Amino acid sequence: MRLSADLPRLLRAGLVLLLCLWLSACGKNELYQQESYVFGTRVQISIYGLDEAVAAKHAGAVLAELDRLHRKLHAWQPSELTELNVAIARGESVQADVELIEMLRSAQQYARQSDQLFNPAVGELVRLWGFHQDTFAPVTPDPAQLQAVLSAAPTLDALQIEGSSISSSNPAVQIDLGGFAKGWALDHAAQYLRQQRVLNALINIGGNVLALGKKDQEPWSIGLQHPRKPSAMAVLQLKSGEAIGTSGDYQRYFMQGKERHSHLIDPRTGQSAHGIQAVSIIAPPSQSAGTISDVATKPMFIGGLATSWQYAQRFGVRDVLVINEQGEAYLSPSMQARLKWLDAPSRIYRLR
């Protein structure tokens, strides 16, 4: 009799426990998102499968760290990087921390790998074209000033790094890590989330995106911006650890008559690179997937369609989409298999 008398109470307790577990599971399955504006672009952190308070804490920590990196690496507002550039122009040395030295050494290697088409030392060319400001208008750089920079041939190989001291034998070196910083920040954010056991997340820094885990047992889905329309051109799924990056002439640009000038400056000519509207790649999982997704698109865009696959291979990239100046698509076979077109180009070719 005692057992039967206690049974309803035990059943009720069991139901309450199951209900609590179900509610907890439901709470953890919700998608949490937090946004900010960093690196001059919209940043979004998405976390799946954690309680809201926990997800909010980690997303906030990531955004705060991205903001710190942005202030550290700003190319024209006062920062550690501008201090370094001023010292280089004066022929002086600067004491730098381990983090900045690691970034510069990494950027040096990527620049060599790209035959200097990715060249963060040509910040003066970017400035002359008016892209070292938050808002910009059409400008026509002084040809003599452009030629002076080209003649000086600044590269990161001109940096001397000895211990914590950085100097340069070439005073024309002016470092702009705009083609590197977002990717580095992606890897930095992913490392933090992995260490905190945040297993399912999507980090989006202005279209440079890195995926961790999944969303509700499905890979994370993202859209690819159409280079000439305010809408997505295609969608695809990212596997855990992969990162996607795009370089396009539609992100920071101005028009002079019918000519488009983007911030992607060819360091060989001092002019905006032409011939391609956009290059998108997926970097395979690695500790530097984010950086590769950012950097590798630069030589592919600037070098043009003819050498784009060559540079993709150098960076270990198989998934490639190139949109040429006429809006035609060139895809590697592996990328073609992953894309779902929403607004397909009139012509699609195989890239190899």
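The values are calculated or read from the model by the stated rules, or taken from the named source; none is laboratory data. Quantities reported herein were computed from a predicted structural model and do not represent experimental measurements. Because the Cβ atoms are built from the backbone with ideal geometry, glycine has one as well, and the counts that use them run over all protein chains shown.
Quick look at the values:
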| item | result |
| --- | --- |
| Some residue of the range 192-199 being within 25 Å of Glu35 (Cα to Cα), buried (at least 18 other Cβ atoms within 10 Å of the Cβ) and touching a helix residue (DSSP H, G or I) at 6+ places or on another chain (Cβ under 7 Å) | yes |
| Total residues in the range 60-100, condition among the aliphatic types (A, V, I, L, M), under 20 Å from the mean Cα position of the chain (by Cα), surrounded by 14 or more Cβ atoms within 10 Å (Cβ to Cβ) and part of a helix (DSSP H, G or I) | 8 |
| Selection from the range 338-352 of residues that are part of a strand (DSSP E or B), over 23 Å from the mean Cα position of the chain (by Cα) and surrounded by 11 or more Cβ atoms within 10 Å (Cβ to Cβ) | Ile348, Tyr349 |
| So Gly241, is it within 17 Å of the chain's Cα centre (by Cα), closer than 18 Å to Val322 by Cβ and not aliphatic (A, V, I, L, M) | no |
| Asp157 in contact with a Phe, Trp or Tyr (Cβ under 9 Å, 6 or more places away or on another chain), more than 27 Å from Ala211 (Cα to Cα) and modelled with pLDDT of 95 or more | no |
| Single residue of the range 306-352 satisfying the filter (without any contact (Cβ under 8 Å) to a residue 40 or more places away in the chain and among the aromatic types (Phe, Trp, Tyr)) that is farthest from Gln116 (Cα to Cα) | Tyr349 |
| Among residues of the range 311-337, those that are part of a helix (DSSP H, G or I) and farther than 24 Å from Leu177 by Cβ, counted | 6 |
| Single residue of the range 300-335 satisfying the filter (surrounded by fewer than 17 Cβ atoms within 10 Å (Cβ to Cβ) and of a type in the set (S, T, N, Q)) that is farthest from Ile265 (Cα to Cα) | Ser334 |
| Flag if Ala59 is closer than 30 Å to Gly213 by Cα, in contact with a strand residue (DSSP E or B) (Cβ under 6 Å, 6 or more places away or on another chain) and among the small types (Gly, Ala, Ser) | yes |
| Selection status of Val94, touching a Gly at 6+ places or on another chain (Cβ under 9 Å), over 12 Å from Gly179 (Cβ atoms) and among the aliphatic types (A, V, I, L, M) | no |
| Strands (runs of 3 or more DSSP E) contained in the range 217-283 and holding at least 3 residues surrounded by 15 or more Cβ atoms within 10 Å (Cβ to Cβ) and among the aliphatic types (A, V, I, L, M) | 232-238, 276-283 |
| Tally of residues being at pLDDT 95 or above and either of a type in the set (S, T, N, Q) or surrounded by 24 or more Cβ atoms within 10 Å (Cβ to Cβ) (or both) across the range 163-181 | 10 |
| The range 200-216, residues that are surrounded by 15 or more Cβ atoms within 10 Å (Cβ to Cβ) and either at pLDDT below 95 or among the small types (Gly, Ala, Ser) (or both) | Ala201, Gly206, Gly207, Ala211, Gly213 |
